[in-house]
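J.: This is the structure I have questions about; it appears just below.
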Amino acid sequence: MLPGKISKKVIADRLAWVDRMMNEIRSLPLDSKSTFMQDTRNVWAAESCLRRALEALFDMGRHIAAKGFAEAVTEYKEIASALNRREVISITDLEMMQKLAGYRNRLVHFYHDVSADELFEICASHLEDVEHIAEALRSWLADHPKSMDETL
């Protein structure tokens, strides 16, 4: 496989998905744990939106690695490593992205171990980690316009 162009359409779609999911989470009553917990739909919405945001983030990273660098990766933590090797993200962002990958895997494979309290804490206090990685990828892409396929 040879490196090619990163699809602007794929990137725009995934970034929009991350932004939408973050906005949905922020629309929940995160200023009060008791209010958040009063309606169990808040917990399910938080879990679903967080998982979808993380998956969109990693799908975008996988697309950058595959199309931009011809590096096929399937494991979520390996996506972060590939992006770091290619200097798309810093070592600090690599560590953060690997933590996010681990959390996504917990949401999918160990969902029964993720408590409502934990979801509240993450959504109330750590959404900026997801947004930081999305911004790091957005920034790298803006700095490398020749890597992008502009056709929609």
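Just so you know, all these numbers are worked out from the coordinates, no wet-lab data involved. Just so it is clear, the structure is predicted and the values come from calculations on it, not from any experiment. FYI the Cβ positions are ideal-geometry reconstructions off the backbone, even for glycines, and counts take in every protein chain you see.
J.: Evaluate region 50-66: report whether one residue or more is over 27 Å from Tyr111 (Cα atoms) and either within 11 Å of the chain's Cα centre (by Cα) or not β-branched (Val, Ile, Thr) (or both). Working first, answer last.
T.: Our first condition is that a residue be over 27 Å from Tyr111 (Cα atoms); within region 50-66, this holds for 64-66.
Then keep just the ones that are either within 11 Å of the chain's Cα centre (by Cα) or not β-branched (Val, Ile, Thr) (or both); that gives 65-66.
Yes - at least one qualifying residue is present in region 50-66.
J.: If you don't mind, there's one more thing I want to ask. Could you tell me which residue of region 100-152 is surrounded by the most Cβ atoms within 10 Å (Cβ to Cβ), considering only residues that are assigned to a helix (DSSP H, G or I) and among the polar types (S, T, N, Q)?
T.: Narrowing region 100-152 to residues assigned to a helix (DSSP H, G or I): 100-109, 111-113, 116-125, 127-143, 145-147.
Next, only the ones that are among the polar types (S, T, N, Q) stay: 105, 125, 139, 147.
Numbers: Asn105: 14, Ser125: 10, Ser139: 12, Ser147: 17.
Filtering region 100-152 for residues that are assigned to a helix (DSSP H, G or I) and among the polar types (S, T, N, Q), the one surrounded by the most Cβ atoms within 10 Å (Cβ to Cβ) comes out as Ser147.
J.: Just to confirm my filter: which helices (runs of 4 or more DSSP H) fall fully inside region 1-78 and include at least 2 residues that are within 19 Å of Trp140 (Cβ to Cβ)? Quick ask: steps written out before the conclusion?
T.: Values: elements: 8-26, 33-38, 40-63.
In region 1-78, the matching helices (runs of 4 or more DSSP H) lie at 8-26, 40-63.
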